[in-house]
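Input: a single structure, listed below in structure tokens.
The values are calculated or read from the model by the stated rules, or taken from the named source; none is laboratory data. Keep in mind that this is a model prediction, so the values were computed, not measured. Counting neighbours? That spans all protein chains shown, and the Cβs are built from the backbone with ideal geometry, glycine included.
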Amino acid sequence: MADPYAPSPKDKFTFGLWTVGHTGKDPFGEPTRPRLTPAEIVDLLGEVEGVHGVNFHDNDLVPIDASSQQADQIKSEFARALRRTRLRVAMATTNLFGDPAFRDGAFTSNDAEVRAYAVHKTMRAMDLGAEFGAQVYVFWGGREGAETDASKDPVEAEDRFRRAIDFLCEYSIERGYGYRFALEAKPNEPRGHLYFPTTGHYLAFIQTLAHKDMVGVNPEVAHEHMAGLNFVHAVAAAISADKLFHIDLNDQEFGRFDQDYRFGSVNLKHAFFLVKLLEDHKYAGYRHFDAHAYRTADRADVIEFARGCMRTYLILREKARRWSADDQVRRILKQVARPSKDLDSLWGTYSRAHAETLLGMTFDRVAMASRTLPYERLDQRTMEILLGVD
Ligand code: GLT
Ligand code: MN
Ligand code: MN
């Protein structure tokens, strides 16, 4: 029988060059895996099978100090690897955090020359992404923050960030790139504090932009969990605002540093409700695994890591279907939902007559409070479905 959890490019699973290409280097230790060229990373992803595409930062593909000859050589090897493996480039982004020039921010730096360089570097990186057909452009402001608020006015920092995004939207429009911009929040790390700590902050910020229609969010599981927040709710807010342009899937122990673990490997129940949310709302964008293998992994284990991300997603997708079709679940959901079109329409649109009717109503608080809400039973049934008990 065919493997029901085998991924297919239709599932739109993607990986960044920096994810499967991660060398295992961390703040305390040297690399544990050899550095691979972009073409070698694409070949590795080709071995994984079922992957849709690959994403990159400008400098994952072309090192920051490469000559134009070197750049051409790297790009043509990368393009050949893409053809060999039938992978495509889905998303591109700019590295605005690695170079020491960005040590006090990129778009939000105090130094006008650094700000101009950040915009220049992003335009170049957008050109590079467009050359390979990227459709989504991510902005992760890794250095857009502060250790001390003595260093700059945070309102000024927000204004600078806004001006940069407005300018870059115009650039994309003028060049006809058709990018959808996706802003990625994180509460801290590598800075002590980042200016846009949660997806909610970005959803509010987007409404202040000149081209708000082309800008959405790229929420990441680990980032919201670092702040102790419910990621499913953050994604729900993005879906509800029609702003879920991209998603970074991984996993994370609450309250820890940014661990970027294999999807679903820590908080299985949250991962289940996340997959269910994405599937229930027919999320049609890329599902990017912004994660990396344990530092102990070798090449073969990195491949297992990538397979595991996709497989867990697909297992949870199947579980979500089961959950929705489960008799006990349905019975309880039916019992707790007490719909009334008449009541809802009373306050659905405002009119003085509706307001008067509502004001004139009497409510039986005791009856409302005594209705059964068997959420213990519902949650236990959820756990049993997740644990494979029929
Ligand atoms: C970096 C970060 C990620 C971002 C990437 C995009 S780079 O790995 O931790 O969350 O998505 O810039
Ligand atoms: Mn990310
Ligand atoms: Mn992360």
*asked:* I want to confirm something. Restricting to region 272-292 and keeping residues that are of a type in the set (Gly, Ala, Ser) and within 16 Å of ligand 2 (Cβ to nearest atom), which single residue is surrounded by the fewest Cβ atoms within 10 Å (Cβ to Cβ)?
replied: Gly285
*Sole residue being modelled with pLDDT of 95 or more and at negative phi, chosen from Asp60, Asp3*: Asp60
*If you go through region 1-32, how many residues are within 16 Å of ligand 1 (Cβ to nearest atom), of a type outside the set (Gly, Ala, Ser) and in a loop (DSSP other than H, G, I, E, B)?*
5
*Between a first residue in region 89-101 that is over 11 Å from Met126 (Cα atoms) and a second residue that is more than 13 Å from ligand 2 (Cβ to nearest atom) and among the basic types (Lys, Arg), which pairs have beta carbons less than 6 Å apart while being 6 or more apart in sequence or on different chains?*
Phe97/Arg143
*If you scan region 87-126, which residues turn out to be farther than 16 Å from Asn55 by Cβ, more than 16 Å from ligand 1 (Cβ to nearest atom) and out of contact with any Phe, Trp or Tyr (no Cβ under 8 Å at 6 or more places or on another chain)?*
Pro100, Arg103, Asp104, Asn110, Asp111, Ala112, Glu113, Ala116, Tyr117, His120
*Could you please let me know if Thr312 is among the polar types (S, T, N, Q) and under 22 Å from the mean Cα position of the chain (by Cα)?*
yes
*Do you know which of the residues in region 260-275 that are over 25 Å from Phe139 (Cα atoms) and either touching a Lys or Arg at 6+ places or on another chain (Cβ under 8 Å) or free of Cβ contacts under 8 Å to residues at least 40 places away in the same chain (or both) is nearest to ligand 1 (Cβ to nearest atom)?*
Val266
*Which one is surrounded by the most Cβ atoms within 10 Å (Cβ to Cβ), of the residues in region 9-43 that are aromatic (Phe, Trp, Tyr) and within 16 Å of ligand 3 (Cβ to nearest atom)?*
Phe15
*asked:* I'm trying to understand the selection: among the residues of region 323-350, which are more than 26 Å from Asp379 (Cα to Cα) and exposed (fewer than 10 other Cβ atoms within 10 Å of the Cβ)?
replied: Lys341, Asp342, Asp344, Gly348, Thr349, Tyr350
*Please verify whether region 72-88 includes one or more residues that are buried (at least 19 other Cβ atoms within 10 Å of the Cβ), touching a residue at least 40 places away in the same chain (Cβ under 8 Å) and assigned to a strand (DSSP E or B).*
no
*Matching helices (runs of 4 or more DSSP H) fully within region 149-227 where at least 3 residues are of a type outside the set (A, V, I, L, M), more than 14 Å from ligand 3 (Cβ to nearest atom) and crowded, with 17+ Cβ neighbours inside 10 Å*: 154-175, 199-206
*asked:* With the condition being modelled with pLDDT of 95 or more, in contact with a Lys or Arg (Cβ under 6 Å, 6 or more places away or on another chain) and closer than 27 Å to Asn267 by Cα, I'd like the helices (runs of 4 or more DSSP H) fully within region 321-390 carrying at least 1 qualifying residues.
replied: 327-336, 375-386
*Residue count, region 25-45 (criterion: of a type outside the set (Val, Ile, Thr), touching a residue at least 60 places away in the same chain (Cβ under 8 Å) and more than 15 Å from Ile303 (Cβ to Cβ))*: 2
*Filter result (of a type in the set (A, V, I, L, M) and near ligand 1 (Cβ under 10 Å from one of its atoms)) within region 180-200*: Ala182, Ala185
*For region 228-240, what are the residues that are more than 14 Å from ligand 2 (Cβ to nearest atom) and either within 16 Å of Asp280 (Cα to Cα) or not in a loop (DSSP other than H, G, I, E, B) (or both)?*
Val232, His233, Ala236, Ala237, Ala238, Ile239, Ser240
